[in-house]
Amino acid sequence: MASTDEELVARSRGGDLDSFNQLVVRWERPIYALAYRTIGREEDARDVAQETFLRAFRALKGFKGEAKFSSWLYRIALNLCRDWVRRERRQPVAQAPEGVDLVELASEQTPSETIEDLVARNEISAAVARAMATLPEEQRTAILLKEYHGLTFQEIADMLDCPLSTVKTRLYQGLTVLRRQLDREGVGKARW
Amino acid sequence: MCEEKDLLVSYLYDDLGDADRARFERHLRGCTDCRDELTALRGVRADLTSWAPPASELGFRIVRDPKVVELKPRGASPETGRGANWRAWYTPAAGLAAAAVLVLAAASAIAHVEIHRGPDGLTVRTGWNTVAAQTTASLPAPVAPALREASVTAAPAADAATLAAIEARLRALEASHDSSVRAASMLSARSSDQELLRRMRDLVTVSEAKQTGELALRVSQMNREFDAQHAADMQKIQSIFARVNASVDADATMHREWASYMLSNSTKQK
């Protein structure tokens, strides 16, 4: 039976490196995904994810377990992303593919999906990336944590140090902006 | 415009208690704006699921170093640093093999190790004891003629003339020695001690001259053998270097093709 995050953290704090590496394996994908969707660059997102675990390892003694380990990691990753944006002095980049590589797409194809569906999904993905890049950081972060990482409103509020109602407002505003952007690109209307 | 946005968001994410859910669903039945907005936002949420980050090789792991704590990609040696990729761990095995052959060739030349592949299999011989004739005979066909030629040219015409002169001188001395011995034996009965001493001195002189001639002959022969051996060794070293160069060239070609293949693959993936 797999150990819980809390058990692995406790063993890691006792000096068990393998336990910490199990946490790394468990959380590297979500952390990388959060970084990528925040800054939009694969290579930099990978660096941010790597740095997140390094910092977490170094600060493990100071982690008291008041928040979930994953929330703590997300917070570290978001801070690093914020530093990256500040350092690079630019908005997150929407990396929309310029062309559609059918061979590459075909590898992502599910058995029930036609190649037309696949191309359409790819176009929607690119449109979403562009629309997300237009959002203010607070709205984008709230949507990322809720939509892609399944955090509760309360967890997001705790992580971002803001009231619960603020989180909901940011979500509503962000989703509304996305809706307009996607409508403008013809994505939303195509769906409905 | 309806003011129930807080509830709408909670309902959208299924984060309402039973009482609040029932209340908001009653509101929805009478509010077209909220119904439309709920439908639209559900559509946005569905669109968001299509946005996935590119598959990236991660595989981080913490490696404890006595001095440094760093993150390394899994499978990497502790010596490789951050940002290293597959290229950093790529071992140019063919290049190392070529270098090893080069070292072996140099070592063979120094230690005079002969490695010969013939019909009887692989023969390894060490040391400097083999004479030029044996070396020449044991070499592969393309090398042997060149060595024979080298052996011939190693004894210049001047040496041949010197040898002939020395040989003639030796014969003359031997003849003189024989006649002296014969004369001495005939005169022994009536020679004085002084005469005997003089003849003995002559004999010693003849013997010394003969030894000197033999020594010159042997030195000359040793020179020839040495030159032939040197020529054979040089041929062998050149042959080994030629094979090493060919191997290195082949490896370089293979690496270029491999790099080109990787580059084209990388360009396709992008």
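For this structure, a couple of remarks:
- Relative contact order computed over segment A:104-186 (Cα-Cα under 8 Å; 6+ residues apart), in percent: 30 percent
- Residue mean of other protein chain beta carbons inside 10 Å, A:72-81: 0
- Spin-label model, B:Arg198/B:Met254: points 7 Å from Cα along the beta carbon direction are separated by 8.6 nm.
- In sequence order, calculated HN-Hα J values of segment B:258-269 (Karplus, 6.51, -1.76, 1.60; Hz; x Gly/Pro): 5, 4, 4, 5, 5, 5, 5, 4, 4, 5, 5, 5
- 3J(HN,Hα) couplings calculated from phi for segment A:179-184 with the Karplus curve 6.51 cos²θ - 1.76 cosθ + 1.60 (θ = phi - 60°) are, in sequence order, 4, 5, 4, 5, 4, 4 Hz; Gly and Pro show x.
- Look at B:Ile237, A:Ile124 and count the other Cβ atoms within 10 Å of each Cβ; fewest to most, that gives B:Ile237, A:Ile124.
- Cβ-defined net charge surrounding A:Arg11, 14 Å radius [Lys, Arg +1; Asp, Glu -1]: -2
- Checking every one of the trypsin sites (Lys or Arg not before Pro) in segment B:213-267 against DSSP loop status and a limit of 11 other Cβ atoms within 10 Å picks out no site at all.
- Exercise: per-residue mean of other protein chain Cβ atoms within 10 Å, B:37-45: 6
- Cβ crowding within 10 Å averaged over residues, with A:171-179, B:56-64 ranked highest first: A:171-179, B:56-64
- Average beta-carbon neighbours from other chains, 10 Å sphere, peptide B:14-20: 1
- Computing FRET efficiency as 1/(1 + (r/R0)^6) for A:Thr166 and B:Ser266, where r is the C-beta to C-beta distance and R0 is 30 Å, gives about 0.10.
- Pairwise centroid distance, computed over Cα atoms, of segment A:112-189 with segment B:10-49, Å: 16 Å
Values in this text are rule-based calculations from the coordinates and carry no lab data. Fair warning: this is a prediction, and the values are worked out from it, not measured in the lab. Heads up, the Cβs are rebuilt from the backbone with ideal geometry, glycines too, and the neighbour counts pull from every protein chain shown.
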